[in-house]
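**Q** Take this structure, written in structure tokens, and hold onto it; I'll ask about it next.
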Amino acid sequence: MTLWLAKRKPDPSPALQLACRAQHFRRWEIPRSSYPMTRPGYLTWRAKLKSQAATQLSELLTSSEIQPPLSQEEIDRIAALVRKEDLKNDEEAQILEDVACLVFLDDQFDDFEKKSEMDDEKIINILKKTWAKMSPAGHALALQMDMSDRAKLLIQKALGTRNTHQSTTSPPQPPPLESLISTHDFVTVAATFFPPKTYAFVSSAATDGITHRRNSSTYSDITLRPRVLRDVSSISLATTILGQAVSSPIYASPTSLGKTVHPEGEKEIGRACKELGIAQVISTSASFTVSEILDAINSHQQSSFSNHPVFFQLYVDRETHKSEALLSTAFCPPPPGGGGGHAPLPVLFLTVDSPVVGKREADERVPHNPTTTTTINPPMTNSPPTPDTKGSSLGRTTASFLSPSLTWKQTIPWLRSILPKETKLVLKGIQSASDAFLASETPGINGIVLSNHGGRNLDTTPPSIQVLLEIHKFYPQVFDKIDVLIDGGIMRGTDIFKALCLGAKGVGIGRGILWGLGSGYGREGVKRYVGILNDELEITMALCGVTNVGACRAGYVNTSVVDHLLPNSGHP
């Protein structure tokens, strides 16, 4: 059950995890033979199992010494999931139903259909009922199972398909792009149409996923304070990020292994960003080299924007000479006479929050399947994938080259000695106001990104927006000295507006870019995803009485609900 839950929902809530593991809690106490061997008898037995399991689990959780103790509300929620209440409307209850059906198909069906009393007609009827219980996301996982030929044949018959030599049914198609009207729609589609390992890799977060969830939920705790009777007939999202003119404060954060999501990976992201007029940050762990991505962007002519800044993100290699060689290709001018090459990139993002890779359990639980996930060896890391004994996480297997030895005193001067003077240096991964202040006081640093790696590295670190508030409280002068960017948890235009009001110059979208890129949508999906956020941001600005990004101020938000979460001193 746990394995299929990880595939169906890589970042399940604690309640969903407990409910999943309690699906057959003390089931032996109510044997099937205690009820008539009829359809009504079966349904009564199943209802009794769920009811008793929920009751016994509630009693156990209430009396146990779990630390921290569960609230009665949490216990009631777990019990409701075990009973699968409101199955049609409760997404988590449906996920449990999917998991139960997937376990049956994967682990029990081959033995089940061999029983002497089960003829084809009975089996096909059971399969039809099983299929009807499942969601489209469950169907997609079921169709990817490695089953016996006979099992596949029976499923084909149950689904009414005629071709017994191919897959059970024609692969489901993603919905039309224009039908996706919120960023959450893209996540739902990805859960169905991404290969399980790819979805686990993109969606996974560190350990319990607390920081990942709070990255988003903290935004909802900050409320808006609209002003009325303002002329908002003309709204502009145009702004500058690190001195570069862009059409929107949104930029594409660096993401790894774009080819796992789309064959053209970062090339296609670059084409979309060019059409949108927004900045793109290329990752060291991209599926293509900087030159390959820039060539794809430069040859793409479908853009009405004159400026499309491209930045580069660096993971420092344990062997620093490899990083030096990589930087020379991204930041050194082309040879005289125009003999190839490209103009030096204007900005370097140095990732500082990853001396090691975090423990991403959803990614580790789903095994790598080369037939459904493109095998990637990032060409710029010069380091082949290195499996370890701690799991099959793509992050771990492709990031063994990371240097754990970066320091303020050595790394910044070293980079400054390599980079052209005009190149701006940004530290990505700032998670405290103290480090933000230190960055603002360190010569050669031009900006910071408040980021916890999308909650993928160290769980229970503060949400990025909370760090932004912490800077306001302790070191407001930082905003006057360096550019402050932010990423993590941004799912709505209101989130972007709140970040801008609190001092951010730009907001990075990482997973979202990949949600848009995948499911076969390509650059049109990226454009749709960013377009939804731009539209929501424009609406938010208009309804708050703001006409341009530069006019966003702290007075438009109320942070009192989260202010108590900020530290009062050096004491924890």
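**Q** To the nearest 0.05, how large is the calculated FRET efficiency for Asn125 and Val187 if R₀ is 30 Å and r is the Cβ-Cβ distance?
**A** 0.30
**Q** What does the charge add up to near Asn215, with Lys and Arg as +1, Asp and Glu as -1, over the other residues with Cβ less than 11 Å from its Cβ?
**A** Every neighbour counted, the sum reads +2.
**Q** Within a Cβ distance under 14 Å of Pro443, other residues only, what is the Lys/Arg minus Asp/Glu net charge?
**A** Net charge around Pro443: +4.
**Q** So what is the orientation-averaged projected area of the chain, using the convex hull of its C-alpha atoms, in nm²?
**A** For the Cα atoms of the chain, the hull's average projected area reads 30.6 nm².
**Q** Follow-up question, since we're still on this one. Report the local net charge at Ile465: Lys and Arg +1, Asp and Glu -1, summed over other residues whose C-beta lies under 14 Å from its C-beta.
**A** Counting the neighbours of Ile465, the net charge comes to 0.
**Q** Check each of the GluC sites (Glu not before Pro) in the range 242-319 and keep only those in coil by DSSP with at most 15 other C-beta atoms within 10 angstrom; list them in order.
**A** Listed in order of number, the matching sites are Glu319.
**Q** Also: Lys428's amide H: which non-local residues (gap 5+, or another chain) put their own amide H closer than 5 Å, with H modeled 1.01 Å from N in plane and none for Pro or chain starts?
**A** Leu350, Thr351, Val352, Val449
**Q** So who's got an amide H within less than 5 Å of the one on Ile250, skipping anything under 5 residues away but keeping other chains? H placed 1.01 Å off N, in plane.
**A** Sorted by chain and number, the residues that satisfy this are Val507.
**Q** Report, in degrees rounded to the nearest 10, the 0 to 90 angle that the Cα long axis of helix 72-83 makes with the longest principal axis of the chain.
**A** 50 degrees
**Q** Now for a separate question. Please go through the range 415-495 and write out the trypsin sites (Lys or Arg not before Pro) that DSSP classes as loop and that have at most 15 other C-beta atoms within 10 Å.
**A** Within the range 415-495, the qualifying trypsin sites (Lys or Arg not before Pro) (loop, at most 15 other Cβ atoms within 10 Å) are Lys421.
**Q** Taking the 0 to 90 degree range and rounding to the nearest ten, how far is the long axis of helix 265-276 tilted relative to the main principal axis of the chain, both from C-alpha atoms?
**A** Tilt of helix 265-276: around 60 degrees.
**Q** Consider a paramagnetic label point 7 Å from the Cα of Glu441 along Cα→Cβ; state which residues of the range 461-492 have an amide N under 18 Å from it.
**A** Of the residues in the range 461-492, 470-483 have backbone N under 18 Å from the label point off Glu441.
**Q** Angle, helix 149-158 long axis vs. longest principal axis of the chain, Cα atoms, 0 to 90°, nearest 10?
**A** With rounding to tens, the tilt is 90 degrees.
**Q** Still on this structure: Suppose each label sits 7 Å from its Cα in the direction of the beta carbon; what would the Thr38-Glu85 distance come out to in nanometres?
**A** 3.0 nm
**Q** Give Lys7/Lys259; Lys473/Lys498; Lys197/Lys274; Lys259/Lys505 a once-over and call out the pairs whose C-alpha atoms are over 24 Å from each other.
**A** From Lys7/Lys259; Lys473/Lys498; Lys197/Lys274; Lys259/Lys505, over 24 Å: Lys197/Lys274; Lys259/Lys505.
Rule-based calculations on the coordinates, nothing more; no lab input. Here the structure is a predicted model, which is why all the values come from computation and not from measurement. When we count neighbours, we look across all protein chains shown, and the Cβ atoms used for this are built from the backbone with ideal geometry, even at glycine.
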